[in-house]
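Nothing in this text is a laboratory measurement; each read-out follows from the coordinates by a stated rule. Keep in mind the model is a prediction, meaning the values are calculated, not measured. Ideal geometry is used to build each Cβ from the backbone, glycine not excepted, and the neighbour counts take in all protein chains shown.
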Amino acid sequence: MDRRQFLAASAAAPVVLRTGTTLGANDTIRVAVLGVNGRGGDHCAGFEALTNVRVATFVDPDLEVANRRAREFEAKFGHPVHVVQDMRRVFDDRSIDVVSIATPNHWHALATVWACQAGKDVYVEKPGTHSLAQGRSMIAAAKKYKRIVQHGVQLRSSEAIQEAVRKLREGVIGDVYMARATIFKRRPRLQNFPNEEPPKTLDYNLWVGPGKWRPYSKNHVHYNWHWTWDFGNGEIGNQGVHELDMLQWGLGVKFPTQVASMGGKFLWHDRRETPEVLTALCEFEREKKYAEIAVRFWCTNTEAGDSDNGNLFYGSEGYMAVSGYSKYAVFLGPKGTPGPTASAPTKHFENFILAVRSRKVEDQNGPVETAHYSSGLAHIANAAFRRGTVLQFDPGAERFVGDEQANGLLADTYRDGFVVPPPEKV
């Protein structure tokens, strides 16, 4: 069955979970991990740690990577996994209940839509989308096929961070008017590689998939696609989505009405396309809130609660520092007198499996909408950087006002056979 036949069959009669619409506490949930070169390994460990959850299949277009990871997995966890090269085979496999997506960014939305159409629940890495328009397709697919789609913003499943947001709402620092997201990751200079023939173990056509075709190069296969606009979204769309999600959650906002973004490459001057340093300023006119987003590489000081990556929330009576995914601390008054503080680990995979079993989206901490809004804020800031001007944004229409070049950066174009359908056609 080719992909068009599969999509037609799915639209007519969506595949159901092998045990029906509900999996009981004693039913084993079988997981396929899509993309196992990097973050996929953390997905494997997260799911294998849970009761009655088993990683069953590895999917990667590079069979050398997939087979090597499969051997490592069996040695660590004591059971083998099936290896396939084409994710479409997993969507045809009725024994798989969940797909966990750790592919490059440009594959996230299409893999999610295909999985929903095939009756699979989805855990998708941040950023949930490669472009803003994809988010609405993911939301529509999750709703139409009644799927649980969890976005990989782990801080939402820390009880400490949940407490922090409650306290912000309760007024622990008074009237909250501003937040600052800090995204400080140590990234080395990139070596420049030539275009060449891909390894025989890699199906490069599958790797590119819905992305823009470029000749194979180690410049973007495997990890360094993050710094190439056609496949990644730079650091603000990498580590930064965690901080943007926290910023939106804490401030109680979604998309801004005005954004300005500046930055560039000031240190390495390598072949990276995305900026090393980026500062974005966002105004949320309807909520009367303001935000600063700071991205920088290499040696730096810490800011948010002695953390490289986190958030600072500012109010009329003090400020709150959220550090990483698990800790917050409050400082009150002009002298910064210590206030409430707490730390608790994140349990995001556990939360996802809870919702898979209950079939209740309200049980989710990171529902599909968070993929649209937190990733979308990164896309909006990147568009302002690439246009080099202050942009007005209409949150209702989800488009820039009076700048069609900027709007052109909010949607991808696709290759035949790898098209993310618009929301009305999922």
What is the fewest-to-most order of M138, M246 by other Cβ atoms lying within 10 Å of their Cβ? M246, M138
With charges only on Cβ, +1 for K and R and -1 for D and E, what is the dipole size of the chain about its Cα centre, in debye, rounded to 20? 440
How would you rank E362, E369, going from fewest to most other Cβ atoms within 10 Å of each one's own Cβ? E362, E369
Around R180, with a cut-off of 11 angstrom between Cβ atoms, what is the net charge of the other residues, counting Lys and Arg +1 and Asp and Glu -1? -3
Ordering of 100-108, 86-94, 414-422 by burial proxy (mean other Cβ atoms within 10 Å per residue, highest first): 100-108, 86-94, 414-422
The rounded separation in angstrom of the Cα centers of region 343-410 and region 264-286 is 18
With a length cut of 27 Å (Cα positions projected on each helix's long axis) and a Kyte-Doolittle mean of at least -0.5, go through the chain and give me the DSSP H helices that pass. 368-387
Two-site label geometry, D230 and T300: point separation in nm, points 7 Å out along Cα→Cβ: 2.8
Under the rule a/c < 1.5 gives rounded, and otherwise a/b versus b/c splits prolate from oblate, where does region 212-268 land using the Cα gyration tensor? prolate
DSSP bridge orientation in the chain - percent antiparallel, rounded to nearest 5: 60
Sorted from fewest to most neighbouring beta carbons within 10 Å, what does the list C44, C282, C299 look like? C299, C44, C282
Let me make sure I get this right: for region 335-425, a, b and c are the square roots of the gyration tensor eigenvalues over alpha carbons, sorted descending. Under 1.5 in a/c it's rounded, otherwise prolate if a/b > b/c, else oblate. Which is it? oblate
Can you grab the distance from the C-alpha centre of region 24-75 to the C-alpha centre of region 289-323, Å, no decimals? 34
To the nearest 0.05, how large is the calculated FRET efficiency for K144 and D92 if R₀ is 30 Å and r is the Cβ-Cβ distance? 0.95
Could you work out [θ]222 nm for the chain from helices alone, using -39500 (n - 2.57) per DSSP H run of at least four and dividing by all its residues? Round to the nearest 500 deg cm²/dmol. -9000 deg cm²/dmol
